[in-house]
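Working notes, beginning with the structure itself.
The values are calculated or read from the model by the stated rules, or taken from the named source; none is laboratory data. None of the values given here were measured: they were computed from a predicted structure. Neighbour counts are summed over all protein chains in view; Cβ atoms, including those assigned to glycine, are modelled from backbone coordinates with ideal geometry.
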Amino acid sequence: MVKLRSEWKPSKKLNVIGEAIDVGDVDPLPDDISRDRIEESCYTIRTLYGEYIDELTDGTDLSQREAQAWVLRNLVHEGSERLTYEAIGLYIWAIGRGAEGDPLSRTIVSTYSERAEQKIEAAEETLKRTGPPPYPDDRLDNPTMLWVENSVAERLQSRTISGETYTETIEHLLEETRADLAAPELIDVFRTEVGIDYCGVKLLGDYWDDELAITVHAPTAVDTPAVIEAADTVVIDGTARPFHVEETSDPAVLGPTVVLFDEQSESRVESQAGLEELAWALETVETSLAKVIDRCRADRVYALAVDNDPTAAGAHLYPVVESAQTLPRGVRYLTRIPLDDRTVTVGATTPITPDEYLDTTDTTLLWAQDEGPVETRPLPGAPADRRERIPSSVLKTAWDDSVCPPQVESGLWTHPGIKPPGRRLVPSVQDT
């Protein structure tokens, strides 16, 4: 006789009924347990797992029974019992079958489960080898899939610095071996302990965002405070980035710079405004062509052209605007444009008026908005077509992703030899 308590969860009820089944009997169900009572527990379980099982069946090469066996055996909600093979046999028998037949035996269910395990293991092995082969020093001994909420993935990505793997980042966070310093605190410490009147980040080189060159000026010699000296990264807008500190005797000769704080010149800059500008520069330094166009639209740019010849070993862009006196904010810090198979660096960006553009003969129009002063030209939808729109002489200056792959990782599983996004903090170039 089987006694089921009302406070038991459906998984425990099925497990208890499964223990009492006699597969060798003509009527294998216990005498005091009806099919209706079994179905009641099974349909409760289906409300939790049914949609996920259907997704696996439709989206993978698992059969329905393989998906049922694997999900119900391996995915257990907190506080619930792990279903036995006999209980899963009851579930498969009760859900979507006629009244005839008997519950599936332990042997049959375990066979479905084993088949599913083999297919899933094969899929994982395939995923682990979808990138380029790793260097010997980067090979992991035992890579493991790691599934987390997307919000957690974004937070982990923001704490991962250039050249660091997710494994290294997680180890640093768990062991608290990496010292992060918030950018506002860095400026405050410099102001209170050193008395600086200027702080900026130099924008020198195509990858200035790999390691921020924080440059300061003070009326007297600068002695870097201990808390800044001990920091490994500076956190800007939630993202940790490597940095080093330099001293300058004259901020006016620094060249391209994002000013974080300035009290020594007439054009004063408060630290909050400066840090917001730096966050924007870091967000837009590398942007897909589709997003560049989106930002041009937001800035009321009529069109975007590129010089047929490269400049400074990169592209020379010409945003067509109403007034050539102001560089549109969306392209102000644009330095790299990732394409489908390579990354083009931007050597110069010069705003021009519609009349000036119409007078040029040595440029290629990448995009032009509808009903503007320049003949309409939409951006192609296919990444390869976008690449073909850029002059070949400019493309030749780009580094080829197949030779020097960008630091991109799919998901948060520790793929051997592939570094997580450090400098590359933009979506895939296929995103539109």
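Quick one: would you say L56 is at pLDDT 75 or above, part of a helix (DSSP H, G or I) and closer than 15 Å to S113 by Cβ? Yes. Selection within the stretch 59-81: residues that are more than 29 Å from the chain's Cα centre (by Cα) and part of a loop (DSSP other than H, G, I, E, B). The member of this set that is farthest from T47 (Cα to Cα) is S63.
A search for C-beta distances below 6 Å between a residue of the stretch 325-347 that is of a type in the set (D, E) and any residue that is assigned to a loop (DSSP other than H, G, I, E, B), counting only pairs 6+ apart in sequence or on different chains, returns D340/V429; D341/D401. Here V306 fits the description: touching a Pro at 6+ places or on another chain (Cβ under 8 Å), under 27 Å from D385 (Cα atoms) and assigned to a strand (DSSP E or B). Candidates in the stretch 309-331 are the residues that are assigned to a loop (DSSP other than H, G, I, E, B) and polar (S, T, N, Q); of these, the one that is farthest from R241 (Cα to Cα) is S323. Residue count for the stretch 158-201 under the criterion of being outside the structural domain of P219 (by TED's automatic domain parsing), in contact with a helix residue (DSSP H, G or I) (Cβ under 7 Å, 6 or more places away or on another chain) and β-branched (V, I, T): the result is 2. Looking only at the stretch 225-249, count every residue that is assigned to a loop (DSSP other than H, G, I, E, B) and either crowded, with 17+ Cβ neighbours inside 10 Å or not assigned by TED's automatic domain parsing to the domain that holds F190 (or both) and tell me the total. Summing the residues that are assigned to a loop (DSSP other than H, G, I, E, B) and either crowded, with 17+ Cβ neighbours inside 10 Å or not assigned by TED's automatic domain parsing to the domain that holds F190 (or both) in the stretch 225-249 gives 2.
Reported count of residues in the stretch 9-27, each being closer than 16 Å to E86 by Cβ, assigned to a loop (DSSP other than H, G, I, E, B) and modelled with pLDDT of 80 or more, is 1. In the set (1) over 16 Å from S113 (Cβ atoms); (2) in a loop (DSSP other than H, G, I, E, B); (3) in contact (Cβ under 8 Å) with a residue 60 or more places away in the chain; (4) of a type outside the set (D, E, K, R), P30 fails one condition alone, (3).
Inspection of the stretch 303-311 finds a residue satisfying the criterion of being in contact (Cβ under 8 Å) with a residue 60 or more places away in the chain and either assigned by TED's automatic domain parsing to the domain that holds I196 or surrounded by fewer than 19 Cβ atoms within 10 Å (Cβ to Cβ) (or both).
Filtered by the rule that a residue be of a type in the set (S, T, Y) and buried (at least 16 other Cβ atoms within 10 Å of the Cβ), the stretch 326-363 gives Y333, T335, T343, T345, T349, T353, Y357, T363.
Yes or no, residue by residue, for (1) of a type outside the set (A, V, I, L, M, F, W, C); (2) more than 18 Å from R115 (Cβ to Cβ); (3) outside the structural domain of V109 (by TED's automatic domain parsing); (4) crowded, with 19+ Cβ neighbours inside 10 Å:
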position: T60; (1), (2), (3), (4): yes, no, no, no
position: Q64; (1), (2), (3), (4): yes, no, no, no
position: V71; (1), (2), (3), (4): no, no, no, yes
position: V76; (1), (2), (3), (4): no, yes, no, no
position: G79; (1), (2), (3), (4): yes, yes, no, no
position: R82; (1), (2), (3), (4): yes, yes, no, no
position: Y85; (1), (2), (3), (4): yes, no, no, yes
position: I92; (1), (2), (3), (4): no, no, no, yes
position: I95; (1), (2), (3), (4): no, yes, no, no
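Working only within the stretch 250-266, note down all residues that are acidic (D, E) and assigned to a loop (DSSP other than H, G, I, E, B).
Going residue by residue through the stretch 250-266, those that are acidic (D, E) are 250, 262-263, 266.
If the condition is that a residue be acidic (D, E) and assigned to a loop (DSSP other than H, G, I, E, B), then D250, E263, E266 are the ones that fit.
In the stretch 38-49 there is no residue that is polar (S, T, N, Q), under 24 Å from Q118 (Cβ atoms) and loosely packed, with under 14 Cβ neighbours inside 10 Å. Check the stretch 113-125 and report whether any residue there is of a type in the set (S, T, N, Q), buried (at least 16 other Cβ atoms within 10 Å of the Cβ) and modelled with pLDDT of 90 or more. Taking every residue of the stretch 113-125 in turn, at least one turns out to be of a type in the set (S, T, N, Q), buried (at least 16 other Cβ atoms within 10 Å of the Cβ) and modelled with pLDDT of 90 or more.
What are the residues in the stretch 78-93 that are more than 14 Å from S11 (Cβ to Cβ) and of a type in the set (A, V, I, L, M), if any? Residue satisfying the conditions is I92 alone. Restricted to the stretch 279-302, and to residues there that are under 30 Å from the mean Cα position of the chain (by Cα) and assigned to a loop (DSSP other than H, G, I, E, B), the residue that is surrounded by the fewest Cβ atoms within 10 Å (Cβ to Cβ) is R300. Do we have G238 as among the small types (G, A, S) and touching a Leu at 6+ places or on another chain (Cβ under 8 Å) here? No, not satisfied.
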